[in-house]
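Data first, discussion second: the structure below is written as structure tokens.
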Amino acid sequence: MKPTIQSVSFGAISIDDKTYSYDVVILSDGKVLRRNKKASRKKFGTGHHLARAELRRYFRCDPPTLLIVGTGHANMLRFSNGSIRFLMKHRIKARFYPTPEAVRQFNEAPEQTVALIHVTC
């Protein structure tokens, strides 16, 4: 069952009555994971760019048809060219929004939608 995002503020997101103080990935089976930024930090020196290796970690076995991305409150999260190629290769439609709008879009999206939400800048 797809979780409901109840609220988001700078540095926190509440999903199904639980508050997370870090970036999250919501998978199509409803699991909420802490975003693992290691691959992105290693490649780019920051968690504000998303590396292809990070996407592969989440979607290797079960790529979604729709990914909603919350790019932060100041729209700072960027996708690398490799990440964009990964999405295209696996036919994953991605929609990028500032985080507050991404939350609204995710809550209104079909059941199998996946989200990656950056909770700070």
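The values are calculated or read from the model by the stated rules, or taken from the named source; none is laboratory data. The structure presented is a predicted model; accordingly, all values stated were derived computationally and were not measured. Note that we place each Cβ from the backbone using ideal geometry, even for glycine, and neighbour counts take in every protein chain shown.
Just one of the numbered conditions (1) touching a residue at least 12 places away in the same chain (Cβ under 8 Å); (2) farther than 18 Å from Cys121 by Cβ; (3) among the acidic types (Asp, Glu) is not true of Asp17; which one?
Going through (1) touching a residue at least 12 places away in the same chain (Cβ under 8 Å); (2) farther than 18 Å from Cys121 by Cβ; (3) among the acidic types (Asp, Glu) one by one, Asp17 breaks only (1).
Of the conditions (1) on the phi > 0 side of the Ramachandran plot; (2) out of contact with any strand residue (DSSP E or B) (no Cβ under 9 Å at 6 or more places or on another chain); (3) not aliphatic (A, V, I, L, M), Asn75 satisfies every one except a single condition; which number is it?
(2)
Run Lys89 past the list (1) closer than 17 Å to Asp29 by Cα; (2) free of Cβ contacts under 8 Å to residues at least 40 places away in the same chain; (3) among the charged types (D, E, K, R) and report the number of the one that doesn't hold.
Every condition holds for Lys89 apart from (1).
Which of the residues spanning the stretch 11-45 are loosely packed, with under 12 Cβ neighbours inside 10 Å, within 21 Å of Arg78 (Cα to Cα) and more than 12 Å from the chain's Cα centre (by Cα)?
Passing the criteria: Ser21, Lys42, Gly45.
Go over the candidates Thr99, Thr71 one by one and state the one that is closer than 17 Å to Thr4 by Cα and surrounded by 15 or more Cβ atoms within 10 Å (Cβ to Cβ).
Going through Thr99, Thr71 in turn, just one is closer than 17 Å to Thr4 by Cα and surrounded by 15 or more Cβ atoms within 10 Å (Cβ to Cβ): Thr99.
May I ask you to verify whether Ala102 is closer than 26 Å to Ser14 by Cβ, in a helix (DSSP H, G or I), of a type outside the set (Asp, Glu) and at pLDDT 95 or above?
Against the criterion (closer than 26 Å to Ser14 by Cβ, in a helix (DSSP H, G or I), of a type outside the set (Asp, Glu) and at pLDDT 95 or above), Ala102 qualifies.
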